[in-house]
Amino acid sequence: MKEIDFSSINQTINWWERHRLSFNMILGALGTFSLLLIFSPCFGLLDCIGILFWGFMANVLYSLGIVLEIINVYYLKSKFNFFQYRHLFIIFGTAAYGFVTFFYPFLYYMHPF
């Protein structure tokens, strides 16, 4: 039975956590900029709760990168080389969530459901 490489797991967690702050700052800036462009007069408590939930969900989805790599190392014995695609995952993930973060307030305030 092959030994589990815990140093690889620690490196994975450290790499993703080093980039979490920049991920959050990018999304926060895009969300703030989009809200400033709209300048909604009906911004209230539920909107603030929604923003906090949006940020929480962004971080849950961000953590999927960590989880996928740990599953690969622990259960799949590093069968896939996810670590080679980390930068690609973080760039596309941040761009996709940033796109939705920027345009969702326009949909929410311009076309209320």
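The values are calculated or read from the model by the stated rules, or taken from the named source; none is laboratory data. Since we're looking at a predicted model, the values are computed, not measured. For neighbour counting, all protein chains shown are included, and Cβ atoms are generated from backbone atoms with ideal geometry for every residue, glycine included. Please note that ligands, DNA and RNA were not included when accessible areas were found on the heavy atoms of the full protein model with its side chains. Shrake-Rupley method; radii C 1.70, N 1.55, O 1.52, S 1.80 Å.
Worth pointing out:
- The criterion of being open to solvent by less than 80 Å² (accessible area, probe 1.4 Å) and within 18 Å of the chain's Cα centre (by Cα) does not hold for Val73.
- Within segment 93-105, if we keep just the residues that are in contact with a Leu (Cβ under 8 Å, 6 or more places away or on another chain) and not small (Gly, Ala, Ser), the residue that is modelled with the lowest pLDDT turns out to be Pro105.
- Criterion: β-branched (Val, Ile, Thr), over 13 Å from the mean Cα position of the chain (by Cα) and open to solvent by less than 70 Å² (accessible area, probe 1.4 Å) - qualifying residue of Ile90, Ile13, Ile49: Ile13
- Of all residues making up segment 21-36, the number that are aliphatic (A, V, I, L, M), open to solvent by 60 Å² or more (accessible area, probe 1.4 Å) and touching a residue at least 60 places away in the same chain (Cβ under 8 Å): 1
- Hey, Arg18 open to solvent by 100 Å² or more (accessible area, probe 1.4 Å) and charged (D, E, K, R) or not: yes
- Residue in segment 28-36 that is modelled with pLDDT under 90 and not in a helix (DSSP H, G or I) present: no
- Residue check for Ile70: in a helix (DSSP H, G or I), without any contact (Cβ under 8 Å) to a residue 24 or more places away in the chain, out of contact with any Phe, Trp or Tyr (no Cβ under 9 Å at 6 or more places or on another chain) and not basic (Lys, Arg): no
- Per the listing Ser78, Ser40, the residue uniquely surrounded by 15 or more Cβ atoms within 10 Å (Cβ to Cβ) and part of a loop (DSSP other than H, G, I, E, B) is Ser78.
- Only one of the numbered conditions (1) without any contact (Cβ under 8 Å) to a residue 12 or more places away in the chain; (2) surrounded by 16 or more Cβ atoms within 10 Å (Cβ to Cβ); (3) within 18 Å of Met25 (Cβ to Cβ) is violated by Thr101, and that is (1).
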